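Notes to accompany the following structure.
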Amino acid sequence: MSASEDGTTDAQLVAVSRAGDIEAFQELVLRYQRRLFGLCYRLLGRYHDAEDACQEAFLRAYRALDRYDPSRPFDRWLLAIAANSAVSMLRRRRSTRTEPELAKADDITQTTQMASAADQAEARELGEAVARAITGLADHYRIPFVLFHQEEMSYEEISRALALPLGTVKSRVHRARERLYQELSRAGFLEREDRR
């Protein structure tokens, strides 16, 4: 449960927001806007679409505050709403689909050691390849994969958020991993790692 510097928890802010205090909800927005934007960007691949989906998610959450179950973590509930907003946007833009912007490699990979310039360049190249591979996944694979691996949602949480059977979620995450492995193998990155 997240709390602000003054110790105010999400649950307290939700309760006050339900009573009509807009400033309390604005505090929740400030607390979670970066995380929600990051999720929407990874799912949609376009900055402006991510902004729109994030804004829509907060609007939906505000309207649904009376249906929020305080026994569940607020951030997970909010992430589920954001994922659904992104899915709705994907459906709307499907007919006018264009190549999404490539997610920044720094958002996907984290370099934990300072190595030589060549190693850093290789890590950056691998990060970009991973970002391209994730971006290239079909929506029905990319969304559960990102929610599981990057947002650390459980299979059960993803199942509820996307209204999919649990087995379908597990299968799609597994197939996304397989496709990423195949793509990185084709690009020669996994062979390079195996030679070390």
>> So, restricting to helices (runs of 4 or more DSSP H) that lie completely within segment 91-196, which ones have at least 2 residues that are closer than 15 Å to residue 44 by Cβ and either at pLDDT 55 or above or not aliphatic (A, V, I, L, M) (or both)?
In response: 117-136, 139-149
> Can you tell me which residue in segment 161-178 is farthest from residue 72 (Cα to Cα), limited to those that are surrounded by fewer than 18 Cβ atoms within 10 Å (Cβ to Cβ) and among the charged types (D, E, K, R)?
Replying inline: 178
>> Just to check your reading of the model, which residue among 72, 42 is free of Cβ contacts under 8 Å to residues at least 40 places away in the same chain and either within 11 Å of the chain's Cα centre (by Cα) or not in a helix (DSSP H, G or I) (or both)?
In response: 72
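Go through 15, 57 for me and flag whichever is part of a helix (DSSP H, G or I), under 30 Å from residue 133 (Cβ atoms) and aliphatic (A, V, I, L, M).
Being part of a helix (DSSP H, G or I), under 30 Å from residue 133 (Cβ atoms) and aliphatic (A, V, I, L, M) holds for just one of 15, 57, which is 57.
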> Could you list, in sequence order, the residues of segment 179-189 that are surrounded by 16 or more Cβ atoms within 10 Å (Cβ to Cβ) and out of contact with any Phe, Trp or Tyr (no Cβ under 7 Å at 6 or more places or on another chain)?
Replying inline: 180, 183, 184, 187, 189
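The values are calculated or read from the model by the stated rules, or taken from the named source; none is laboratory data. This is a predicted model, so every value here is computed, not measured. Glycine gets a Cβ as well: all are built from the backbone with ideal geometry, and neighbour counts include every protein chain shown.
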